[in-house]
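These notes are about the structure you will find just below.
What follows is calculated from the coordinates using simple rules that are stated; it is not laboratory data. In this text the structure is predicted, and so the values were computed from the model without any measurement. Neighbour counts run over all protein chains shown; Cβ positions are idealised from the backbone, glycine included.
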Amino acid sequence: MKNKYDKIYAEGRDVLGTAFPEIMAAFEGYESLTILDVGAGQGRDALPLARMGHRVVAIDPSRIGIAQLAEDANAEGLDITAIVARVEEFKPTEQFDVLLFDRTLHMILDETERHAALKQCLPWAKPTARIIIADEKSNLPGLRGVIEADGDWEMTFAAKGFVFYSRKPPL
Ligand SMILES: C[S@@+](CC[C@H](N)C(=O)[O-])C[C@H]1O[C@@H](n2cnc3c(N)ncnc32)[C@H](O)[C@@H]1O
């Protein structure tokens, strides 16, 4: 499985810079979450989130990104499971407190396929889960439509390039 990020990640660590503060802030005040980091790359989010005490399942089709992430996680003894997989093919064995898509969904160029990939992930969310998305501003209305069509989600944060949701509490 080749992808263009193999070449980018081969240039060195941290090629995408540090994590977005908006994303890190979404984890303040939470402890011991289980997080699915979809398209985790080199671990720009997975590594700091695991350092906060969360458990991260990190998937990405880039073998190089995942190998670097696994090496860095092992070196620090972090609780990260790093898996080479495209989201479309991934079959999780558990549900998660947070589904995180940090600039991953725009990598699926076809809009119908992009929306199908997000929809397929929604059953992987626990009843109290949150969804955190960073993506192209132009993609966000469509992605919001997928989540809102699922019915029981409320938007908790929206800013340029970001949209976050939480499950609505049961009535
Ligand atoms: C812009 S990078 C973001 C990486 C990481 N989330 C971050 O913020 O540093 C996009 C990532 O999506 C991954 N990707 C591309 N297609 C994917 C797919 N179908 N399923 C999961 N990840 C994918 C790429 O390999 C790449 O690591």
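I'd like the orientation of helix 111-121 relative to the chain: the angle between its Cα long axis and the longest Cα principal axis, in ° from 0 to 90, rounded to 10.
Its long axis makes an angle of about 90 degrees.
Arrange the peptides 98-105, 159-166 so that the one whose residues have, on average, the most other Cβ atoms within 10 Å appears first.
Result, highest mean first: 98-105, 159-166.
Can you tell me the mean projection area, over all orientations, of the convex hull of the stretch 106-171's alpha carbons? Units nm², please.
Approximately 4.2 nm², given one-decimal rounding.
Would you mind checking the tilt of helix 140-149 against the longest principal axis of the Cα atoms of the chain, expressed as 0 to 90 degrees and rounded to 10?
Result, in degrees: 60.
May I ask you to list the lysines whose Cα is less than 20 Å away from that of residue 160, ignoring any residue fewer than eight positions away on the same chain?
Output for residue 160: 137.
Can you pull out the trypsin sites (Lys or Arg not before Pro) in the stretch 1-69 whose DSSP state is coil and whose Cβ has at most 16 other Cβ atoms within 10 Å?
2, 13
Starting from the coordinates of the alpha-carbon atoms of the stretch 1-52, obtain the Kirkwood hydrodynamic radius over all distinct pairs and give the value in Å to one decimal.
12.4 Å
About its Cα centre, what dipole magnitude does the stretch 34-149 give when the only charges are +1 on Lys and Arg Cβ and -1 on Asp and Glu Cβ, stated in debye to the nearest 20?
I would put it at about 200 debye.
Longest exposed-loop-site-free stretch of the chain, with GluC sites (Glu not before Pro), DSSP loop and at most 13 other Cβ within 10 Å?
Longest site-free region, per DSSP loop and neighbour criteria: 32-93.
Across every pair of different alpha-carbon atoms, what Kirkwood hydrodynamic radius in Å does the chain reach?
When all Cα pairs of the chain are included, the Kirkwood radius is 16.1 Å.
Quick one: Kirkwood hydrodynamic radius for the stretch 55-134, alpha-carbon pairs, angstrom, one decimal?
13.5 Å
Relative to the present Cα-Cα distance, how much length would full extension add between residue 138 and residue 75 at 0.36 nm per residue of separation?
Here the segment from residue 138 to residue 75 would lengthen by 18.8 nm.
Among bridges DSSP assigns within the chain, what percent are antiparallel (round to 5)?
Roughly 35 percent of the DSSP beta bridges within the chain come out antiparallel.
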